[in-house]
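First the structure, in the form of structure tokens, and then the observations on it.
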Amino acid sequence: MKTNLAGNDLLLLTEKAVWLEYEKTLLIADVHLGKIEHFRKAGIGIPYLATSVTQDRLESLLKK
């Protein structure tokens, strides 16, 4: 979804990210890098697929 903030075009992405065209910058929200490994070390069970989902999401965003 395209929008404008203070005269600057923004592209709001469904992947929890915003593309700032005027800065050629990608803002990524809610990434939680390292969170899964931290939980596992604390004995909290997290599916191994969760790590690849996060990585796939980041790779997809960077390819756009």
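Quick note: the coordinates plus some simple rules give every number you see, no bench work behind them. Being a predicted model, the structure only gives us computed values, none of them experimental. FYI the Cβ positions are ideal-geometry reconstructions off the backbone, even for glycines, and counts take in every protein chain you see.
A few comments on the model shown:
- Magnitude of the charge dipole, the chain, Cβ model with Lys/Arg +1 and Asp/Glu -1, debye to 20: 200
- The chain: calculated mean residue ellipticity at 222 nm from DSSP helix runs of at least 4, using -39500 (n - 2.57): -10500 deg cm²/dmol
- Over the Cα atoms of the range 2-63, the radius of gyration divided by the Kirkwood radius equals 1.13; this is the Rg/Rh ratio.
- Normalising the average separation of contacting C-alpha pairs (under 8 angstrom, six or more residues apart) by the number of residues puts the relative contact order of the range 11-64 at 22 percent.
- Fully extending the segment from Ile28 to Ser52 would add 7.0 nm, taking 0.36 nm per residue of separation and subtracting the current Cα-Cα distance.
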